[in-house]
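Contents: one structure, followed by commentary.
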Amino acid sequence: MIEFPAEPYRIKSIEPIRLISREQREQKIKEARFNIFKIRAEDIYIDFLTDSGTSAMSDNQWAGIMMGDESYAGCRNYYHFEETIRSITGFKHIIPTPQGRAAEHLLFSNILKPGSMVPSNTHFDTTRANIEFLNGEAADFVIEEGKNPGLVHPFKGNIDLSQLESFVKKNREQIPIGMMTITNNSGGGQPVSLENIKKASEIFHSHGIPFFIDACRYAENCYFIKTREKGQQNRTIKEIAREIFSYADGCTMSAKKDGLANIGGFVCVNDDELRTKITNNLILFEGFRTYGGLAGRDLEAIARGLLEALDERYLEHRVGQIKGFGDLLLAEGIPIIKPTGGHAVFVDAAGFLPDIPRGQFPAWALTVALYRAGGIRAVEIGTVMFGKKDSTGKEVFPTLELVRMAIPRRVYTESHFKNVATIFKQIAANRNSVKGLKIIYEPPFLRHFTADFEEL
Ligand SMILES: Cc1ncc(COP(=O)(O)O)c(C=O)c1O
């Protein structure tokens, strides 16, 4: 029996959604040139595009919004935000930012030089892009198990410690910081073990390299540590979090994930000099150090959301809901990355649509099929997003051809997941009718957002 945990909350405010007719969906997808990013959100029935900034806020957070102090300097919500983040992370300086990538830019622009290298388990796209923008190199060392979709391992987000050690020894002078992304978004939302974080930190510190955590989904990661790692079962999520952060010298975070907020982020550092440099840039680009480009009410929503995300019943439901959805798809024979991670279910589109050659973008074709069949929006994580062209202009394929179904926090219920599983079943029954695509327009960077396609 597939189990869905009961929600540890009840619904008091709703947002209507509607499924437009098959003919209308056909028209919308054609108008969008087969790119689901170009479809209006109101024409989507179930939106699994991202878990970022899409959470439902609690009554407590909405009440906090009304308590926004919009003073330019020193607003009370900043002090609540600072005190909350310090109590979770233990870091000395807490600097608010508009979102995660702004935190990354502020950090990297103050410590990277052209030619710098930043090793990690797997950098998220914006992290990688911010490093490469400064002419640095973003190096990924996730363990081999993390690259095998069908293989079950409790911590597929772990970094390969021996590869890391030799990379650090070889390139010590080029490495201004080391990083870890928890959970590993680009690697399937897979968690990292406490032991692995500790050992990676020891490697960096033994070479005098500061260690930073990309903490977007740290609370989900802590829940996996608590439930999967030996000796962690009797600890609270907050105790585990404190230990994780105690191994680091700072962190970046998008509060749009485990901050349960719709906007915001922060960067934390222990180093006083680095804090001064970052704060000076913050004032230049985003705003004064007690608001960082956010409204006082946003800071309050984040402070309250961060505390709610530490609630174990919430995390148990979150992780259980994603597992339940994964199990529904597995029961229909849909190949997914196993085990399910903390924020999304990833479908192996190349396995699901084996007759569509990779040059015709099978994962993209599946996103089109999902919209057509059920008004569902999911995102391609395959050749359109990560493919590179060789010197002759030929497409070089990434390892996997995935469709990510990212689950917004506290938004959808079991019946929505069942609906999506039914749509998958229908597509599977007619998979021969799913068409490959060709690109008719693409921009030079991040082509998935704006490319146009034609069906073959
Ligand atoms: C692991 C990770 N790091 C950084 C970011 C960037 O955060 P933001 O979208 O708030 O700029 C994201 C966003 O999805 C993420 O998943």
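The values are calculated or read from the model by the stated rules, or taken from the named source; none is laboratory data. Remember, it's a predicted structure, so these values are computed and weren't measured experimentally. Positions of Cβ are backbone-derived with ideal geometry, glycine not excepted, and every protein chain shown enters the neighbour counts. The protein model used for the area step is the full one, side chains on, heavy atoms only, and it has no ligands, DNA or RNA in it. Shrake-Rupley method; radii C 1.70, N 1.55, O 1.52, S 1.80 Å.
Charging the Cβ of each Asp and Glu at -1 and of each Lys and Arg at +1, and nothing else, the dipole of the chain about its Cα centre rounds to 480 debye. Once all protein chains are placed together, K438 keeps about 90 Å² accessible to a 1.4 angstrom probe.
Only protein heavy atoms count here; on that basis, with a 1.4 Å probe, F124 has an accessible area of about 60 Å².
May I ask you to give the solvent-accessible area per residue for the range 75-161, in square angstrom, as obtained with a 1.4 angstrom probe? Walk me through the intermediate numbers first.
Values: 3300 Å² over 87 residues.
On a per-residue basis, 38 Å².
For G436, the residues whose amide H sits under 5 Å from its own are L456, ignoring neighbours fewer than 5 places away on the same chain, with H placed 1.01 Å from N. The H on the amide N of G265, modeled in the peptide plane, is under 5 Å from the matching H of T97, Q99, A255, each at least 5 residues off or on a different chain.
What shape does the range 239-296 take by its C-alpha gyration tensor, where a ≥ b ≥ c are the square roots of the eigenvalues and a/c under 1.5 counts as rounded, a/b above b/c as prolate, and the rest as oblate? Here the range 239-296 falls in the oblate category. Structural size metrics of the chain, computed from C-alpha coordinates, are Rg and Dmax of 21.7, 62 Å.
In order along the range 105-121, the phi-based Karplus estimate (6.51 cos²θ - 1.76 cosθ + 1.60, θ = phi - 60°) of 3J(HN,Hα) comes to 4, 5, 5, 5, 5, 9, 10, 9, 10, x, x, 5, 10, 10, x, 7, 5 Hz; Gly and Pro are listed as x.
Return the subset of K238/K277; K28/K257; K198/K226; K38/K425; K92/K277; K323/K418 for which the Cα-Cα distance in this structure is over 18 Å, preserving the input order. Correct reply: K238/K277; K28/K257; K38/K425. Average 1/r across all pairs of distinct alpha carbons in the range 74-208, invert it, and you get the Kirkwood radius: 16.1 Å. Once you order the gyration tensor axes a ≥ b ≥ c over the Cα atoms, which shape class does the range 208-262 get: rounded for a/c under 1.5, otherwise prolate or oblate by comparing a/b with b/c? It is oblate, given that a/c is not under 1.5 and a/b is not larger than b/c. Distances between placed amide hydrogens fall under 5 Å for I381 paired with L402, V403, R404, all partners being 5 or more residues away or on another chain.
Ordered from highest to lowest accessible area with the whole protein assembly present and a 1.4 Å probe, S206, S55 read as S206, S55.
Listed values for the range 266-281 are Karplus-derived 3J(HN,Hα) couplings in whole Hz (6.51 cos²θ - 1.76 cosθ + 1.60, θ = phi - 60°), namely 6, 10, 10, 9, 9, 6, 5, 5, 5, 4, 5, 4, 5, 5, 4, 5, and x replaces Gly and Pro.
Scattering from the range 177-287 was approximated by placing one identical point on each alpha carbon and applying the Debye formula without solvent; log10 I(q)/I(0) at 0.23 1/Å stands at -1.33. Per-residue ellipticity at 222 nm from helix content only, as computed over the chain with -39500 (n - 2.57) for each DSSP H run of at least four residues, stands at -12000 deg cm²/dmol.
Hey, with R₀ at 22 Å, roughly what FRET efficiency would S87 and E7 work out to, going by the Cβ-Cβ distance, to 0.05? It would help to have the intermediate numbers written out before the result.
On the way: r = 27 Å, r/R0 = 1.22.
Once the sixth-power term is evaluated, E becomes 0.25.
For the chain, which whole-number percentage of the solvent-accessible area (1.4 Å probe, protein heavy atoms only) is attributable to carbon and sulfur atoms? The C+S portion of the solvent-accessible surface of the chain is 52 percent. Taking a ≥ b ≥ c as the square roots of the Cα gyration tensor eigenvalues, with a/c under 1.5 meaning rounded and otherwise prolate when a/b beats b/c, else oblate, which class fits the range 339-426? Since a/c reaches 1.5 and a/b is larger than b/c, the shape of the range 339-426 is classed as prolate. The mean sequence separation of alpha-carbon pairs under 8 Å and at least six residues apart, normalised by the residue count of the chain, gives a relative contact order of 23 percent.
To the nearest 10, the accessible area of W62 is 140 Å² with a 1.4 Å probe. Surface exposure of the range 319-415, expressed per residue as accessible area with a 1.4 Å probe, stands at 32 Å². Heavy-atom accessible area, probed at 1.4 angstrom with all protein chains present, ranks R76, R447 as R76, R447, highest first. Rg and Dmax of the range 1-54, based on Cα coordinates, read 15.1, 41 Å.
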